[in-house]
1. Which residue out of 120, 115, 140 is open to solvent by less than 10 Å² (accessible area, probe 1.4 Å), on the phi < 0 side of the Ramachandran plot, part of a helix (DSSP H, G or I) and among the hydrophobic types (A, V, I, L, M, F, W, C)?
2. All but one of (1) over 23 Å from residue 300 (Cα atoms); (2) polar (S, T, N, Q); (3) not in a strand (DSSP E or B) hold for residue 370; state the number of the condition that does not hold.
3. Just checking, how many residues over region 90-111 are of a type in the set (Phe, Trp, Tyr), open to solvent by 20 Å² or more (accessible area, probe 1.4 Å) and assigned to a strand (DSSP E or B)?
4. Are any residues in region 214-241 part of a loop (DSSP other than H, G, I, E, B), open to solvent by 40 Å² or more (accessible area, probe 1.4 Å) and not small (Gly, Ala, Ser), and if so, which ones?
5. Has region 123-131 got any residue that is closer than 30 Å to residue 299 by Cβ and in contact with a strand residue (DSSP E or B) (Cβ under 8 Å, 6 or more places away or on another chain)?
6. Exactly one of (1) part of a loop (DSSP other than H, G, I, E, B); (2) open to solvent by less than 10 Å² (accessible area, probe 1.4 Å); (3) of a type outside the set (Val, Ile, Thr) is unmet by residue 177. Its number?
7. Any chance region 123-131 includes a residue that's farther than 26 Å from residue 262 by Cβ and either touching a Cys at 6+ places or on another chain (Cβ under 8 Å) or open to solvent by 40 Å² or more (accessible area, probe 1.4 Å) (or both)?
8. Has region 143-157 got any residue that is surrounded by 16 or more Cβ atoms within 10 Å (Cβ to Cβ) and in contact with a Phe, Trp or Tyr (Cβ under 6 Å, 6 or more places away or on another chain)?
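The values are calculated or read from the model by the stated rules, or taken from the named source; none is laboratory data. Since we're looking at a predicted model, the values are computed, not measured. Here the Cβ positions follow ideal geometry from the backbone for every residue, glycine too, while neighbour counts run over all protein chains shown. Just the protein is used for accessible areas: all its heavy atoms, side chains included, with ligands, DNA and RNA removed. Shrake-Rupley method; radii C 1.70, N 1.55, O 1.52, S 1.80 Å.
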Amino acid sequence: MSTPPSARQSLNPPRRGPWRGGLLALLLLPLGGPALADAVSQVRGFAKAGLLVQEGGQAVVSHNPDIVLAPASTMKVLTALAAISTWGRDYHFETEFYQDGQGTLWVKGRADPYLVSEELDRVAAGLKAAGVTRVAGIGLDDTYFDQDVEIAGRSATDNPYDAPVTALAANFNTVNLVKSGASVASAEPQTPLTDTARRFGQLGGAGTQRVNLKQRPTAVGYFGELLAAKLAANGIAVSGGQRLGAVPSGARLVYRHKNSRTLADMLVPTLKYSNNFVANSLFLRMADPQGKGRVSVAGAQRAMTEFARGKFHWTGFKIEDGAGLSRGNRLSARQLVEVMQAFAPNRDLMPTQEGNANIRAKTGTLTGVSAYAGYVRRGGAWEPFALLINQPVDAGLRRRVAAELVR
């Protein structure tokens, strides 16, 4: 599963040029003046919009920079910053595997967000190298998350961006399928078709479809099915069924899997494709950074709020989830610019705007919300900007604004 689902689908800064001061003087002209082009002037007319662009630490374009608005998926950059500040770019998430006296293989999930099919091949190979030759059933321990964990803003659609967030998950709790007539097949060669995936495929329409697994027990059970298939493919005999619950106290640790991807490796596609599952997994894990306790949504909200207050000394903001799904999230353009300033050493992780290498930024989209935040290259230097619009607008406006800020 090399390409994650997007949030809406259903990587040394150059030196400053000698003319930077002249550009700064132009941009300090009043908003709406001749130095500003149509898109920026249009934003200036919006009451429910905030825009801030800085150059050399000073504001050069500003409109309502301190009103708090829904940031949508630009929230993911704050979550990424918190994750890097907590664990570091080179951190590897771990998952533990135990075996009890009856031969059941138990998996203790600790919110590794990137247990994709290819990673489960590595898991199976690691278990085999550790001496596991047969398992009598698979036990699935998802108790790292409280039973009432539910992400604010998540809705009940089939779309990948609405996947449930679980402490034990395969392929972001989505399945990628192809249906032709009554026949259902996996749309990915690295992902075998399991009973759960087939059932979802039969319920869907013809053609290729990626859908989410809807409910937590279904998602955790799918992980067990896919793991069983990967074990069998690697020569480990699998018998018995599944059990959901906590790892028995007498079970022995047989293998600790360290994900092959670093946190930075995970963040690049998360920001590019706006992966809600990964962002909210990181958000929840912030409630227990060492992975030793138990996680609740309230605990994650407190942890992220404390991080933001400690890092930036903010007031008047609100964090309800880590992906920007919730309309209750509130940030200002100035706060987002502060996030971009702090995130600058990790600018290589931000997506480049298609067709414009001078823009590296994250979009944010909800119905009636259009946001864009990141960096524009101005006068040879990368400078932070943030745009938040909380009213219906042309979807391409934010990219035109960024392009104008470059010019």
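1. Step by step, each of 120, 115, 140 is checked, and only 120 is open to solvent by less than 10 Å² (accessible area, probe 1.4 Å), on the phi < 0 side of the Ramachandran plot, part of a helix (DSSP H, G or I) and among the hydrophobic types (A, V, I, L, M, F, W, C).
2. (3)
3. 1
4. 214, 215, 234, listed by residue number.
5. yes
6. The number of the failed condition is (1).
7. yes
8. Within region 143-157 (the criterion being surrounded by 16 or more Cβ atoms within 10 Å (Cβ to Cβ) and in contact with a Phe, Trp or Tyr (Cβ under 6 Å, 6 or more places away or on another chain)), the answer is no, since none of the residues qualifies.
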